[in-house]
Amino acid sequence: MNDEFVYVKDNLISKLNSDKIVASEAGPTISGINATNVKQYLMELCWAVAKASLLPEKFVIAVKAAVKVDAELHSLLADVIWYIGVALDTADSVEARGRLVEATKEAIQGAVTTARLLQERCEVEFLAETGLIVGNSTIFHKKEIRVNTRLLYTQNKFNLLREESEGYSKVVTTLNQFGVDALCDDTVKATIRTIQSLIGYFDLDPNRVFGLILDSFEQQPENGNYLKLLPLFPKKNMPHILGFKFQYYQRPDVGQCPMSLYRLAAELISSGVVSLDSLYGHLAPSDADALEQRDASIERRLEAARKIGVINLASGSEEEKPEVPHEKVAMTEEQPEEENQKYGSPPAGTGGFTAARALVPRSGAGPSECCSFSA
């Protein structure tokens, strides 16, 4: 009947069922089982139970009589039970699966494996049959979906400035201390701990805290210790948060971008915190619009230059026309241009000359066309 088994033969099964083999603390009473073949032995035992050859209540004795019970055996037996349970998950294996369930209950009670390991590895339906989960498998699946949704898909509700400003106020105060508490080499570590504590205690949005650090650094560009605070935050988000600051000044109702923000961007680029490529997409205008503006500006200047010294004979005598200086003619016809953030973002004077020079091929302009390149 069990000729396909290598270790669990009919003779051994008969002795186990008739209580002729018992477990002993002195040593194994079933010989020949070691670390290399224990998995096969356990699988044969489970199959023998499923096929109604071995009584489920003799399963624990069969295990303890052959191998030493330890944490490794607990894990190995949990894997074997999972495997056999999956193999018996068919409509024509209901009775065999029921016998395996009984043997599993005996294994837990006999401490040859643990309920925790089985809960981690076995299928929900099998766990419901063994009583290791509360309720049936359908109820458990619904609970599982709710828990996974709460853990993986529910967004954190951060405490935004418009809701409660106390936490952010403390962050601003921490970042802008003066005197002995000012941010320096001696206070960087303490400042990092304080910011971490404030984020956790007030449930602050880390991206907004990072923005506050950038604001403080922008106002104190000479204090390089602000750079030591930045590793607290994900580097992939940094260019986007910095880019939002530039996008704010692209609104028609807001003035030009301050030079302090350009210096901040140049410092972050030269320090390797952000790359020019990652920030480039947030700057205005687009490359196509910048080229159009450049061509239009050149055309206006050429047109103004062509009008210098030209006399319109059809407009009357020279005595009738007031004399207009050439410089004034050129200035009155020159139209204001939209601010180009891409020219201003890496000022050469702050260590951004290499990054600034990289913008020239993209814009099609020469270095002499932008004062930032020659700063």
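The values are calculated or read from the model by the stated rules, or taken from the named source; none is laboratory data. Predicted model, so just to flag it, every value in this text is computed and none were measured. In this analysis, Cβ positions are derived from the backbone assuming ideal geometry, glycine residues included, and neighbour counts consider all displayed protein chains.
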| field | Leading residue by the ranking (farthest from the chain's Cα centre (by Cα)) among those in segment 238-266 that are closer than 14 Å to residue 342 by Cα and among the basic types (Lys, Arg) | value | 263
| request: Identify the residue in segment 84-124 that is among the hydroxyl-bearing types (Ser, Thr, Tyr) and either touching a Lys or Arg at 6+ places or on another chain (Cβ under 9 Å) or surrounded by 16 or more Cβ atoms within 10 Å (Cβ to Cβ) (or both) and, among all such residues, is nearest to residue 59 (Cα to Cα). | output: 104
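When segment 47-59 is examined, which residues are found to be of a type in the set (A, V, I, L, M), out of contact with any Pro (no Cβ under 8 Å at 6 or more places or on another chain) and buried (at least 20 other Cβ atoms within 10 Å of the Cβ)? Walk me through it before giving the result.
Going residue by residue through segment 47-59, those that are of a type in the set (A, V, I, L, M) are 48-50, 52, 54-55.
This time we only want the ones that are out of contact with any Pro (no Cβ under 8 Å at 6 or more places or on another chain), so: 48, 50, 52, 54-55.
Listed by number, the residues that qualify are 48, 50, 54.
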| said: When you scan segment 270-282, do you find a residue that is more than 23 Å from residue 165 (Cβ to Cβ) and either of a type in the set (Lys, Arg) or touching a Cys at 6+ places or on another chain (Cβ under 9 Å) (or both), even just one? | reply: no
| request: Please work out if residue 44 is of a type outside the set (Ser, Thr, Tyr), in a helix (DSSP H, G or I) and either surrounded by 18 or more Cβ atoms within 10 Å (Cβ to Cβ) or more than 40 Å from the chain's Cα centre (by Cα) (or both). | output: yes
| request: Residue by residue through segment 225-262, note down the ones that are within 22 Å of residue 185 (Cβ to Cβ) and in contact (Cβ under 8 Å) with a residue 12 or more places away in the chain. | output: 225, 226, 227, 228, 229, 230, 232, 233
| query | Restricting attention to segment 168-225, which residues are under 23 Å from residue 265 (Cα atoms) and acidic (Asp, Glu)? | reply | 185, 205, 215, 218, 222
| message | Would you confirm whether or not segment 103-123 contains a residue that is closer than 30 Å to residue 248 by Cβ and among the charged types (D, E, K, R)? | response | no
| query | Tally time: how many residues in segment 243-253 are in a helix (DSSP H, G or I) and either farther than 15 Å from residue 218 by Cα or at pLDDT 95 or above (or both)? | reply | 2
| message | Kindly evaluate residue 256 against the criterion of being part of a loop (DSSP other than H, G, I, E, B) and surrounded by 12 or more Cβ atoms within 10 Å (Cβ to Cβ). | response | no
| said: For a quick check of your reading of the model, give me the residue pairs whose first member lies in segment 197-222 and is touching a residue at least 40 places away in the same chain (Cβ under 8 Å), whose second is assigned to a loop (DSSP other than H, G, I, E, B), with beta-carbon atoms closer than 6 Å and at least 6 apart or on different chains. | reply: 202/159; 203/159; 204/159; 205/158; 216/176
| field | Whichever residue in segment 25-67 is free of Cβ contacts under 8 Å to residues at least 24 places away in the same chain and either of a type outside the set (Gly, Ala, Ser) or touching a Lys or Arg at 6+ places or on another chain (Cβ under 8 Å) (or both) and, among such residues, is nearest to residue 10 (Cα to Cα) | value | 34
| task | Give the residues of segment 201-229 that are of a type outside the set (D, E, K, R), modelled with pLDDT under 95 and more than 17 Å from residue 173 (Cβ to Cβ), sorted by residue number. | result | 206, 207, 221, 224
| request: Considering each residue of segment 267-292, count those that are within 20 Å of residue 230 (Cβ to Cβ), free of Cβ contacts under 8 Å to residues at least 24 places away in the same chain and either more than 22 Å from the chain's Cα centre (by Cα) or not in a loop (DSSP other than H, G, I, E, B) (or both), and give that number. | output: 1
| query | Within segment 49-147, which helices (runs of 4 or more DSSP H) (wholly inside it) include 2 or more residues that are of a type in the set (Phe, Trp, Tyr), closer than 25 Å to residue 35 by Cβ and out of contact with any strand residue (DSSP E or B) (no Cβ under 7 Å at 6 or more places or on another chain)? | reply | 71-87
